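Presented below is the structure to which this report refers.
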Amino acid sequence: MKKDIRFIIAVFSVCSICIRINAQQFSDAVKQFISVNSDTLALLHAKIIDGTGGPSKPDQTILIINGKIAKVGNSIPVPGNAKTIDCSGKTVIPGMIMMHEHLFYGEYQPPYYLGLAMPSSFPKLYLAGGVTTMRTTGSVEPQTDLNIRNDINSGKMIGPNLDVTGPYIEREGIPIPEMLYIKSPEDAAKEVNYWADMGCSSFKLYMDLTRADAKAAIDAAHKRGIKITGHLCSITFREAADLGIDNLEHGFYVSSDFEKDKKEDQCNNRAQFISMLQLPENSEEMKSLAQYLIKKNVAITSTLPVFLPATGYEIFPGGGGEALVSQIKEKIEKEYSEYVNKDSIATVMLKKEMFWEKQFVDMGGRLLAGIDPTGAGRVIPGYADRIVPELLMEAGFTLTQAIKICSLNAAEYLGKQNEIGTINVGKRADLVLINGDPEKNISDIRNTEIVFKNGVGFDSKKIFESVKEKVGLY
Ligand SMILES: [Zn+2]
């Protein structure tokens, strides 16, 4: 017994030394962006939106000790050695946990749609925008994403904690040359097992698979305790739910469940899209699909930024244009101007999608959120992430519900709700300090000032500044 305790103490003190040393070790490339790094830190007089969906609380103190939230409340004694930050007039939300992010930028260059790896700019931008944990939701260079994850963890590089998704599991279909195409269900299982061995912690099915492919991949992932999502087309949401999928991407917009005369295991983008366009907002069939997904415990990921029409919305949601290299920026601005007032269909579809997402949550479904920096290239990490709550409010959610979708809901999906996702004692101090009060003025949500990861504060503005005109390059 005594020996056991000695052993536990020995292990514990070795571990706490590791943690302390790790907490101190940052490369110069990282250090330049750190504005706050103190073992004991108190955020004073902050308004808190805690991630649970409950009402905001004014004038709170958050005491952070060794990277964890030690106390939260209205009148908390602050230790004399604490570094203090006066947060009067400011708001603190949990670090965002975003579930449809990528470490590549999508660009259409006929005959291809390219996935250009952005290993330098993207991790920085996500963090600057308040994202402290993210899933990569389909990788074009999984080895790069895994190395970046490790470098972020060791303090060599800045960025969120990464849930690295393996390569898109896909058969030859849409022309993305970075894709690894499978030819059989056996290939699908092989791909899952190989990349899980390499360290990937999630998987994603894509648009041209058979149900047998999907089943092989889902079973292989689940056997290893790994979750799997899908951006589907050839397989309906109901079929995927029956096969055991955990999550579906892009809301209900890409469901092929309503396609007339749908051929099994085949994707027909056009027919799928028309079916959604024809489906009334208040469709009973849609309600029944939502009910079915809830029963099967399938989460839905909302990706509103990538669906924004040109009419009535910024060219670059949240102002991300300044991060793009000018050549690409100008090309997108030109395309955008051609669509303004000519994309009423996109507007109709966005409204329906927002309605269906809200309905899903009202019925008891788990909604997650992400930005998906692909599509027409208008969605830039960080910039677009911080306006996701704004877009969810347009869908009818309150701000506190919207924040929960971007924090606790995702933490629960990842099984990390005891570590992250809310501002509660014992959780990691992953927090975003916002200058202003987004409950009074939603556009204040864009004023990210300090993003805390493990209690270490990163200067949001300085990071955004450092990545100007870099997206598209690296
Ligand atoms: Zn995507």
Residues that are buried (at least 23 other Cβ atoms within 10 Å of the Cβ) and in contact with a His (Cβ under 7 Å, 6 or more places away or on another chain), drawn from the stretch 227-274: Glu249
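Mind telling me which of the residues Ala29, Ala10 ends up being outside any strand (DSSP E or B) and either modelled with pLDDT under 95 or among the charged types (D, E, K, R) (or both)? Steps first, answer last, please.
Working: Ala29 fails: either modelled with pLDDT under 95 or among the charged types (D, E, K, R) (or both).
Going through Ala29, Ala10 in turn, just one is outside any strand (DSSP E or B) and either modelled with pLDDT under 95 or among the charged types (D, E, K, R) (or both): Ala10.
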Looking only at the stretch 394-416, count every residue that is over 25 Å from Ser88 (Cα atoms) and surrounded by fewer than 18 Cβ atoms within 10 Å (Cβ to Cβ) and tell me the total. 5
Identify the residue in the stretch 208-226 that is in a loop (DSSP other than H, G, I, E, B) and of a type in the set (A, V, I, L, M, F, W, C) and, among all such residues, is surrounded by the most Cβ atoms within 10 Å (Cβ to Cβ). Leu209
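Of the residues that sit in the stretch 98-130 and are within 15 Å of the ligand (Cβ to nearest atom) and of a type in the set (D, E, K, R), which one is nearest to Ser466 (Cα to Cα)? Walk me through how you get there before you give the answer.
The initial filter retains those residues of the stretch 98-130 that are within 15 Å of the ligand (Cβ to nearest atom), namely 98-108, 113-118, 122, 126.
Next cut, of a type in the set (D, E, K, R) only: 101, 107.
Details: Glu101: 21, Glu107: 22 Å.
Taking the candidates together, the pick is Glu101.
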Among the residues of the stretch 207-229 satisfying the criterion of being within 15 Å of the ligand (Cβ to nearest atom) and closer than 11 Å to Thr165 by Cβ, which is farthest from the chain's Cα centre (by Cα)? Ile228
Taking the stretch 318-345 and keeping only residues that are free of Cβ contacts under 8 Å to residues at least 60 places away in the same chain, part of a loop (DSSP other than H, G, I, E, B) and among the β-branched types (Val, Ile, Thr), one is left with Val340
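Touching a Lys or Arg at 6+ places or on another chain (Cβ under 7 Å), outside any strand (DSSP E or B) and of a type in the set (Gly, Ala, Ser): which single residue out of Ala196, Ala188 fits that description? I'd like the intermediate steps shown before the answer.
Values: Ala188 fails: touching a Lys or Arg at 6+ places or on another chain (Cβ under 7 Å).
Result: Ala196 is the single residue among Ala196, Ala188 that is touching a Lys or Arg at 6+ places or on another chain (Cβ under 7 Å), outside any strand (DSSP E or B) and of a type in the set (Gly, Ala, Ser).
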Can you tell me how many residues in the stretch 364-380 are part of a loop (DSSP other than H, G, I, E, B) and more than 12 Å from the ligand (Cβ to nearest atom)? 7
Filter pass, Gln327 being more than 16 Å from the ligand (Cβ to nearest atom) and closer than 24 Å to Phe122 by Cβ: yes
Of all residues in the stretch 175-199, how many are of a type in the set (S, T, N, Q) and surrounded by fewer than 13 Cβ atoms within 10 Å (Cβ to Cβ)? 0
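From the set of residues in the stretch 154-174 that are among the aliphatic types (A, V, I, L, M) and not in a strand (DSSP E or B), which is surrounded by the fewest Cβ atoms within 10 Å (Cβ to Cβ)? Let's see the steps before the verdict.
Applying the first criterion (among the aliphatic types (A, V, I, L, M)) to the stretch 154-174 yields 157-158, 162, 164, 169, 174.
So of that shortlist, the ones also not in a strand (DSSP E or B) come out as 157-158, 164, 174.
Working: Met157: 20, Ile158: 26, Val164: 25, Ile174: 15.
Checking each candidate, the answer is Ile174.
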Within 16 Å of the ligand (Cβ to nearest atom) and assigned to a loop (DSSP other than H, G, I, E, B) - does that describe any residue in the stretch 400-411? no
Residues that are out of contact with any helix residue (DSSP H, G or I) (no Cβ under 9 Å at 6 or more places or on another chain), in contact (Cβ under 8 Å) with a residue 24 or more places away in the chain and charged (D, E, K, R), drawn from the stretch 428-474: Arg428, Asp430, Asp444
Tally time: how many residues in the stretch 140-152 are within 16 Å of the ligand (Cβ to nearest atom) and in contact with a Leu (Cβ under 7 Å, 6 or more places away or on another chain)? 1
If you check every pair at least six apart or on different chains, which have Cβ atoms under 6 Å apart with a residue in the stretch 94-121 that is closer than 21 Å to Leu146 by Cα and among the acidic types (Asp, Glu) first and a residue that is within 14 Å of the ligand (Cβ to nearest atom) and in a strand (DSSP E or B) second? Glu101/Met134
All positions within the stretch 455-474 that are touching a Lys or Arg at 6+ places or on another chain (Cβ under 8 Å) and assigned to a helix (DSSP H, G or I): Ile463, Ser466
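The values are calculated or read from the model by the stated rules, or taken from the named source; none is laboratory data. Worth saying up front: this structure is predicted, and the values here are computed from it rather than measured. Methodologically, a virtual Cβ is constructed for each residue, glycine included, from the backbone with ideal geometry; neighbour enumeration extends over all protein chains shown.
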